[in-house]
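Report on the structure given below.
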Amino acid sequence: MSESQTKTRKLTVAAMLSAVAALLMFLDFSLPVIPSFVKMDVSELPALLASFSLGPSYGVLVCFIKNFFNLLFHGSTGGIGELCNFLLGAVFVGIAGLIYKKKKSRRTAILAAAVGAVVMALVSVPVNYYISYPVYAKLFGGLDQIIAAYQVLRPGTDGLLEALIVFNLPFTLAKGAIDSLLTFLIYKPLSPVLHGRR
């Protein structure tokens with residue numbers, strides 16, 4: 001296969017994965033262990049598949065495209081939710097893809113996904129603290145209301161930073177772990193499609 005054909009195939013696969021990621025992002029849902037405005041979805045799953053099969057830049061591209069479509073058709077936060085979702089997703093799949101690219105093996109893939117998920121969870125704290133929640137506070141009635149939603153679940157919660165560390169960090173880590181587990185379950189059956197083999 002020529003270089004141009006390879007690039008075309010990769011872009012085609014990335015486009016398909018982006019469409020699936022956008023659909024999965026539309027299907028977000030709330031969990032009882034975290035305030036209802038924090039949604040769970042598995043839309044990083046196609047991005048992680050792209051990062052492992054096509055390269056980390058394609059994984060980041062899938063994250064960008066799915067957030068762009070979510071902003072156009074489903075967004076309710078003035079773009080700030082999509083921006084933060086993109087930043088966290090790009091950190092997750094970008095780091096995982098870079099590690100996996102160094103040595104492509106199952107063990108490396110597991111390590112790569114774990115490291116990516118941990119870094120994403122850690123980065124979620126400053127991203128939410130400095131970017132998303134200040135905007136949410138202006139859009140939805142103030143920071144006190146946001147903290148009150150966390151205090152319903154844990155009355156002793158004292159401030160936004162504590163809420164993000166106690167609730168959002170483990171939630172984001174769990175989200176990364178779920179995406180990783182699903183990736184390992186379906187990667188091998190999808191491998192011929194992802195890699196252009198028959």
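The values are calculated or read from the model by the stated rules, or taken from the named source; none is laboratory data. Please read these numbers as outputs of a predicted model, since none were measured by experiment. A quick note on method: Cβ atoms are made from the backbone with ideal geometry, for glycine too, and the neighbour counts reach across all protein chains shown. Quick note on the areas: whole protein, heavy atoms, side chains included, nothing else; ligands and nucleic acids left out. Shrake-Rupley method; radii C 1.70, N 1.55, O 1.52, S 1.80 Å.
Of a type in the set (A, V, I, L, M, F, W, C), modelled with pLDDT of 95 or more and under 12 Å from the mean Cα position of the chain (by Cα): does that describe residue 47?
yes
What is the one condition in (1) open to solvent by less than 50 Å² (accessible area, probe 1.4 Å); (2) closer than 22 Å to residue 189 by Cβ; (3) not aromatic (Phe, Trp, Tyr) that residue 70 does not satisfy?
(2)
Scan segment 143-157 for residues that are part of a helix (DSSP H, G or I), open to solvent by 20 Å² or more (accessible area, probe 1.4 Å) and of a type outside the set (A, V, I, L, M) and jot them down.
144, 145, 151
Could you identify the single residue in 13, 33 that is under 21 Å from residue 132 (Cα atoms) and either open to solvent by 20 Å² or more (accessible area, probe 1.4 Å) or touching a His at 6+ places or on another chain (Cβ under 9 Å) (or both)?
Being under 21 Å from residue 132 (Cα atoms) and either open to solvent by 20 Å² or more (accessible area, probe 1.4 Å) or touching a His at 6+ places or on another chain (Cβ under 9 Å) (or both) holds for just one of 13, 33, which is 33.
Considering only residues that are open to solvent by 20 Å² or more (accessible area, probe 1.4 Å) and in contact with a Gly (Cβ under 9 Å, 6 or more places away or on another chain), which ones fall in segment 120-142?
Once the filter is applied, which keeps residues that are open to solvent by 20 Å² or more (accessible area, probe 1.4 Å) and in contact with a Gly (Cβ under 9 Å, 6 or more places away or on another chain), segment 120-142 yields 135, 136, 139.
Output the number of the condition that residue 197 fails; it satisfies all remaining conditions of (1) assigned to a helix (DSSP H, G or I); (2) at pLDDT below 95.
Tallying (1) assigned to a helix (DSSP H, G or I); (2) at pLDDT below 95, residue 197 fails exactly one: (1).
Residue 188 - would you say it is basic (Lys, Arg), open to solvent by less than 50 Å² (accessible area, probe 1.4 Å), within 15 Å of residue 48 (Cα to Cα) and in a helix (DSSP H, G or I)?
no
With respect to residue 135, determine if the residue is at pLDDT 95 or above and at negative phi. Before the answer, list the steps.
On the way: at pLDDT 95 or above: no; at negative phi: yes.
Considered against the rule, which asks whether it is at pLDDT 95 or above and at negative phi, residue 135 comes out as no.
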